[in-house]
Amino acid sequence: MTKADLQSPTDLGANANRDVPAALRALLADVFALYLKTKNFHWHVSGSHFRDYHLMLDEQADQIFAMTDDIAERARKIGGTTLRSIGHIAREQRILDNDADYVDPQDMLAELRSDNQQLTREMRRVHELCDEYGDVATASVLENWIDETERRIWFLYETGRSGQNP
């Protein structure tokens, strides 16, 4: 089997066939990085708001993970390839890992909020690329993911304000 055997037929053209899947691969790497960081913080959160934060982060991680298959399959549907390994994720991701032994719960929320904001910016860039190529199907699913990500940002922001003065 050759790379040509993996290319699905599409009417988007060769440039779109190259550029959109490449952008989706990087986006997918970011989504996996954000998923694992969210699960990391879910597993390691502590303190007086443990239950609330633990449950919220688990819900957010599930929502993030739910994007992965759709992103990968979207790249395949339009004739591209997708991520193949953890190493591939590490080479493509733009969202930074956090391997710290301890992170304060408020810092967890702030970091995840910032990472979700970065993910939103990346999705908007991919959306612009899709608009250039007339890839309305990818643009459409990106709009839903942007909305979901903005909701996560809102929840992280409001939850992080709980111990602050207005």
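So how do Tyr133, Tyr53 rank on accessible area, 1.4 Å probe, biggest first, that is with the largest at the start?
Listed by decreasing accessible area, they come as Tyr133, Tyr53.
Expressed in nm to one decimal, what extension gain is obtained for the pair Glu132 and Asn144 from 0.36 nm per residue of sequence separation less their Cα-Cα distance?
Gain on stretching Glu132 to Asn144: 2.4 nm.
Relative to the Cα centre, what is the charge dipole magnitude of the chain, using +1 at the beta carbon of each Lys and Arg, -1 at the beta carbon of each Asp and Glu, and rounding to the nearest 20 debye?
That gives a dipole near 340 debye.
Please list the radius of gyration and Dmax for the stretch 60-146, considering alpha-carbon atoms only, with Å as the unit.
Rg, Dmax (Cα atoms, Å): 14.8, 46.
Okay, helix-only estimate at 222 nm for the chain: each DSSP H run of n ≥ 4 adds -39500 (n - 2.57), divide by all residues, round to 500 deg cm²/dmol; what do you get?
Calculated from helices alone, the mean residue ellipticity at 222 nm is -26000 deg cm²/dmol.
Measure nothing but the geometry: give the 0 to 90° angle between the long axis through the Cα atoms of 50-77 and the longest principal axis through the Cα atoms of the chain, rounded to 10°.
0 degrees
If r is the Cβ-Cβ distance from Ala100 to Arg151 and R0 is 30 Å, what FRET efficiency results, to the nearest 0.05?
On the way: r = 27 Å, r/R0 = 0.88.
Efficiency for this residue pair is about 0.70.
The values are calculated or read from the model by the stated rules, or taken from the named source; none is laboratory data. Predicted model, so just to flag it, every value in this text is computed and none were measured. A quick note on method: Cβ atoms are made from the backbone with ideal geometry, for glycine too, and the neighbour counts reach across all protein chains shown. Quick note on the areas: whole protein, heavy atoms, side chains included, nothing else; ligands and nucleic acids left out. Shrake-Rupley method; radii C 1.70, N 1.55, O 1.52, S 1.80 Å.
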